[in-house]
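Working notes, beginning with the structure itself.
The values are calculated or read from the model by the stated rules, or taken from the named source; none is laboratory data. Being a predicted model, the structure only gives us computed values, none of them experimental. Don't worry about glycine lacking a Cβ; one is built from the backbone with ideal geometry, like all the others, and counts go over all protein chains shown.
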Amino acid sequence: MKVNTIYKLVAIVCCCGVFLVSGCKDEGQSAEKNGFEIDKSYAGGGVVVAVRVSESKVTVADTLTMELEASVEEGFEVSIPDPGTAMEDFEIRDSRYVGQRLDADGNIARLMRYRIAPMSAGVLEIPAFVFEFGKEGEDQTFQISTEAITINVVSLLSAGEAATVAEDTEGVVQLPVVISWWWYIAGGVIVIAIIAIIAVVVFRRCRDREIERIYKGAHEIAYERLRALEAAGLIESGKLKEYYERVSNVLRYYVEDRFRICAPERTTEEFLYDLQFGEGMYVLGDGDRDSLGQFLRHCDLVKFARHEPTGEQVKKTVDLVAGFVDKTRSDECMIDVTDGQPHTREEI
């Protein structure tokens, strides 16, 4: 009977050990998967927003990784706030739009990542952020706010370390001043080089004045490209993907020439984000930004998602681009085409 009791005790101990090992393994995998010490989510009205911070305690010389993420249900749209205008205790060293993904509920989530540095030591605060959202096509907007996050920033000096005080140095010996002719020679060479550079610049400016510069309006260049695209006959030959890629480029290059916004090298989401929150936020109105976004997303569906547009949609693409150019054209925006092309890029 004693033997049976011993076997039962051994079995109970083994089960407890397996349970503890399994629990530790799950916790480690969860921490490794998250990668952020602080991860807070807020939901409401079809929107879920999240604020993540890599650590809650750092030194004054460290940097932190912060993420702002917003996911919305279908039919809604949400804007990620600019943290630079709200944070006083931290400096933004770098920011990057990571892109979009599908969350666990199948909703589209947009993610911004920042690298921030504390301005001083002490208990600092990452402020609350306000996300604005609403239904697509409606003017009414709603807000969802996060909570402030406290970060403990410690100094590099220990609490008991005394400040170093520089004492006066006694018995300072004045070194003799040695005059070398090499300094005069080097100075003369530098003066001659500066004079030569100035002469070259003046000569080039005088030469450029003799060349008659040729300028065209950004809208004229866009019209020429649209006519060339129609003459290529891509629709008749069934090359819809190439047709949509070229008509999208016509619009992107026009925006770059007209509003001085770098558009061709960016993805559609990066370009639209810049129009809403970056250097282009004051260039277009809300209606023009929405029309531009719908058109570019439609082109992306044809180019990348193998979407088959209807005949009416294909026929209206050039008209939509021409209408946008007509609405935003300006005779004051002139492009130098003296060398034959407004930009050194591939032919559209």
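Of note, Leu124 does not satisfy the criterion of being within 21 Å of the chain's Cα centre (by Cα) and not assigned by TED's automatic domain parsing to the domain that holds Gly287.
For every residue, the table says whether it meets (1) modelled with pLDDT under 90; (2) in contact with a His (Cβ under 9 Å, 6 or more places away or on another chain); (3) closer than 30 Å to Val53 by Cα.
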{"site": "Ile149", "(1), (2), (3)": "no, no, yes"}
{"site": "Leu156", "(1), (2), (3)": "yes, no, yes"}
{"site": "Ala163", "(1), (2), (3)": "yes, no, no"}
{"site": "Ala166", "(1), (2), (3)": "yes, no, no"}
{"site": "Thr169", "(1), (2), (3)": "yes, no, no"}
{"site": "Val173", "(1), (2), (3)": "yes, no, no"}
{"site": "Trp181", "(1), (2), (3)": "yes, no, no"}
{"site": "Glu212", "(1), (2), (3)": "yes, no, no"}
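State whether the residues of region 120-127 include one that is in a strand (DSSP E or B), within 25 Å of Thr268 (Cα to Cα) and among the acidic types (Asp, Glu). No, because not a single residue in region 120-127 is in a strand (DSSP E or B), within 25 Å of Thr268 (Cα to Cα) and among the acidic types (Asp, Glu). For first residues located in region 245-265 and β-branched (Val, Ile, Thr), partners that are in a loop (DSSP other than H, G, I, E, B) and lie 6+ apart or on another chain with Cβ distances below 7 Å form the pairs Val250/Ile348; Val255/Ile261; Val255/Ala263; Ile261/Glu279; Ile261/Gly280; Ile261/Val283. Would you be able to say whether some residue in region 43-51 is loosely packed, with under 10 Cβ neighbours inside 10 Å, modelled with pLDDT under 90 and either within 26 Å of the chain's Cα centre (by Cα) or aromatic (Phe, Trp, Tyr) (or both)? Within region 43-51, not a single residue is loosely packed, with under 10 Cβ neighbours inside 10 Å, modelled with pLDDT under 90 and either within 26 Å of the chain's Cα centre (by Cα) or aromatic (Phe, Trp, Tyr) (or both).
Against the test of being closer than 30 Å to Gly311 by Cβ, among the charged types (D, E, K, R) and surrounded by fewer than 16 Cβ atoms within 10 Å (Cβ to Cβ), the options Arg227, Arg246, Arg252 yield a single qualifying residue, Arg227. Check whether at least one residue in region 94-101 is in a loop (DSSP other than H, G, I, E, B) and surrounded by fewer than 18 Cβ atoms within 10 Å (Cβ to Cβ), and report yes or no. Checked region 94-101: no residue is in a loop (DSSP other than H, G, I, E, B) and surrounded by fewer than 18 Cβ atoms within 10 Å (Cβ to Cβ).
Quick one: in region 66-81, which of the residues that are among the β-branched types (Val, Ile, Thr) and assigned to a strand (DSSP E or B) is nearest to Phe133 (Cα to Cα)? Talk me through it step by step, then tell me what you get.
The first filter runs over region 66-81 and keeps only residues among the β-branched types (Val, Ile, Thr), leaving 72, 78, 80.
Within this subset, residues satisfying the condition of being assigned to a strand (DSSP E or B) are 72, 78.
Values: Val72: 9, Val78: 4 Å.
Only one residue tops the list, namely Val78.
Between Arg207, Arg225, the distinction of being modelled with pLDDT under 85, among the basic types (Lys, Arg) and out of contact with any Gly (no Cβ under 6 Å at 6 or more places or on another chain) belongs to Arg207 only.
Within region 227-275, being over 22 Å from Arg329 (Cα atoms) and either basic (Lys, Arg) or touching a strand residue (DSSP E or B) at 6+ places or on another chain (Cβ under 7 Å) (or both) holds for Lys239, Lys241, Arg266, Glu269, Glu270, Tyr273.
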